[in-house]
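Everything below concerns the one structure shown next.
Each reported figure results from applying straightforward, stated rules to the coordinates on display, with no laboratory input. Here the structure is a predicted model, which is why all the values come from computation and not from measurement. All Cβ positions, glycine included, derive from the backbone under ideal geometry; neighbour counts span all protein chains shown.
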Amino acid sequence: MAKSLFYRLFGLRKVPIETRNRLAQEGILFDEEGTSCALAFKGFKGERKSSLRGWQSAEAGSLIITNQTFYVALPFTILCDKLISEGVKHFSMELKDSNKLVMKFDAEKLFANSSGELSCHWRMQNAEVIYRHLNSLKE
């Protein structure tokens, strides 16, 4: 649905080919590569980003869910590539409407060398289905 302009023009946040091949072998359930998202930071520190408080919109992000893996790639090399059973423990979700999903991540547990609060507001066609699927895994 809402592929980022930067993704469409420059391939920003494109999943590396070797990672894409591995995820395809696992059986991709949801593929939201290059999706438009907005990020909210509060006391966040990561490898290439620090922010006491901030907001960035119109970013390109990727969310891919397979039978085994929870993969998230966000700007500033914020990357999560974990087993789905481990990944679902470390974020909360809220469905804003049928095409907007908000994920509040436990940055310290999901992203390498990170701490603080990080939320991602995804705009995607499958938001409701992804929300239901991830909630069923949390139970």
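General observations
- Short-range pairs are left out: with C-alpha atoms under 8 Å and at least six residues apart, the relative contact order of the chain is 24 percent.
- Summed residue charge, Cβ within 10 Å of K82's Cβ, Lys/Arg positive, Asp/Glu negative: 0
- Other residues with beta-carbon under 14 Å from the beta-carbon of D97 carry, at +1 per Lys or Arg and -1 per Asp or Glu, a net charge of +1.
- In the chain, the calculated helix contribution to ellipticity at 222 nm averages -6500 deg cm²/dmol per residue, counting -39,500 (n - 2.57) for every DSSP H run with n ≥ 4.
- Distance (nanometres) between label positions extended 7 Å along Cα→Cβ at L29 and S115: 3.3 nm
- Dipole magnitude of segment 5-138 about its Cα centre (Cβ charges: Lys, Arg +1; Asp, Glu -1), debye to nearest 20: 300 debye
- Matching label, Cα extents along the principal axes in Å computed from the structure shown, candidates (i) 111, 30, 19; (ii) 38, 38, 32; (iii) 56, 36, 29: (ii)
- Amide H contacts of A112 (H built 1.01 Å from N, in plane; Pro and chain starts excluded): L79 sit under 5 Å, all sequence-distant by 5 or more or on other chains.
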